[in-house]
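Asker: Handing you this structure, nothing more for now.
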Amino acid sequence: MKLSYIVPVYKVEKYLSQCVESILSQTMDDYEIILVDDGSPDVCPAMCDRFAESYPDRIRVVHKTNGGLASARNAGLRVAKGDYIFFVDSDDYLEGDKVKEIYAKAVEFDADILQTSYFTFTENTGERGVVRTSFETEKLLTHEDMEKELCYISSKMRIIFVWRNLYKRAFLEKNGIVFEEKLLMVEDGPFNMQAYSTAERFVAVDLPVLCYRIRDDSLQRQKYVPDYDKWISWNWSLKVKYYSENCTQSHIFYEDLGEYTIRSLFPMLLGNVYRNKPEESYSVLKRIGNSEMMRKSFADCDINKFRSKSLDWLMLWFTKNKLYLPAHLICKLILYK
């Protein structure tokens with residue numbers, strides 16, 4: 001079998017039909033769709049069964065107790081038979097008829113991983129866009145090449161989203177690459193770091209296939225995510241672990257990761273708590289500041305290189321030097337008021 005689509009399903013009755021039908025409309029032959037019902041409490045389990053009854057040669061259903069997205073994807077991986085794996089989230093869908101093209105490119109380059117561009121669709125506005133791959137296209141990258149590319153993996157946001165890639169199943173199995181099931185969010189990054197850092201043959205193509213639906217009610221867009229800093233810190237530690245295990249160490253990787261953490265992740269984590277749970281904000285600020293993620297990031301990245309007169313930078317300086325009270329007051333009274 002050429003390709004296995006793995007589609008985790010949980011509380012997506014509004015979107016599931018469009019997702020499955022967009023896959024079935026592809027003209028590429030010899031594939032399977034694995035619908036993983038992750039204990040969905042709505043009508044999704046019945047919808048999955050109806051699809052399997054209508055397309056018994058194409059669709060299989062795995063019913064399981066709820067365990068999260070990582071657990072559902074792993075359940076699909078365990079039964080997949082395709083030469084390549086395509087993860088498709090059940091609230092997204094495929095546009096056009098390009099799967100046969102990206103599969104052909106994966107086979108042409110004998111790629112362990114093939115990365116694509118992708119479309120975006122903002123549900124509440126109807127706005128559409130496209131995100132291009134930042135890798136040079138249709139150029140085979142070896143493991144040595146990928147080690148160099150990984151030095152800028154964070155700032156260029158290259159390892160977010162598994163659904164923009166095709167993965168050779170034999171490659172994943174050989175290297176024991178699976179999702180960390182205890183990581184109940186932001187699970188794509190560690191999986192991709194492990195995959196990208198072990199790949200021997202990587203190629204990117206500028207062929208947008210999947211349309212990523214931006215929903216107001218998605219997990220990443222909840223108004224408040226409890227313990228978000230803990231999940232992000234764990235995500236960070238796993239990426240560092242896989243890089244250190246599989247690559248020659250480069251200070252550039254750690255500088256890039258440190259700057260991305262300080263300039264992108266840190267403000268996001270502060271916004272999550274200061275805008276929503278101000279009574280917890282001071283203790284969470286201290287917890288973030290004392291985390292290995294921030295201590296290592298401040299050590300690896302010189303914040304003076306983006307020094308400014310802004311209060312954002314002053315708050316960073318206070319946090320780096322563990323002067324949490326003035327940092328807290330700047331966040332509470334000004335930055336996230």
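The values are calculated or read from the model by the stated rules, or taken from the named source; none is laboratory data. Just so we're clear, the structure is a prediction, and the values are computed from it rather than from any experiment. Cβ sites come from the backbone with ideal geometry, for glycine too, and all protein chains shown count toward neighbours.
Asker: Counting only residues that are within 17 Å of the chain's Cα centre (by Cα) and either free of Cβ contacts under 8 Å to residues at least 24 places away in the same chain or assigned to a loop (DSSP other than H, G, I, E, B) (or both), how many does the range 79-109 have?
Answerer: So the count comes out to 5.
Asker: Residues being of a type outside the set (A, V, I, L, M, F, W, C) and touching a residue at least 60 places away in the same chain (Cβ under 8 Å): count how many of those fall in the range 152-164.
Answerer: Residues in the range 152-164 being of a type outside the set (A, V, I, L, M, F, W, C) and touching a residue at least 60 places away in the same chain (Cβ under 8 Å): 3 in total.
Asker: Tell me, please, whether a residue that is in contact with a His (Cβ under 9 Å, 6 or more places away or on another chain) and small (Gly, Ala, Ser) can be found in the range 159-174.
Answerer: Within the range 159-174, not a single residue is in contact with a His (Cβ under 9 Å, 6 or more places away or on another chain) and small (Gly, Ala, Ser).
Asker: In the range 118-154, which residue that is of a type in the set (Gly, Ala, Ser) and either in a helix (DSSP H, G or I) or at pLDDT below 95 (or both) is farthest from LEU166 (Cα to Cα)?
Answerer: Ranking the candidates gives GLY126 first.
Asker: Taking LEU35 as the residue in question, decide whether it is modelled with pLDDT of 95 or more, surrounded by fewer than 19 Cβ atoms within 10 Å (Cβ to Cβ) and under 16 Å from VAL88 (Cα atoms).
Answerer: no
Asker: Still on this structure: Look through the range 38-65, keep the residues that are in contact with an Asp or Glu (Cβ under 9 Å, 6 or more places away or on another chain) and assigned to a strand (DSSP E or B), and return whichever of them is surrounded by the fewest Cβ atoms within 10 Å (Cβ to Cβ).
Answerer: So, considering only residues that are in contact with an Asp or Glu (Cβ under 9 Å, 6 or more places away or on another chain) and assigned to a strand (DSSP E or B), the one surrounded by the fewest Cβ atoms within 10 Å (Cβ to Cβ) is LYS64.
Asker: Of (1) closer than 14 Å to ILE113 by Cα; (2) free of Cβ contacts under 8 Å to residues at least 12 places away in the same chain, GLY176 satisfies all except one. Which?
Answerer: (1)
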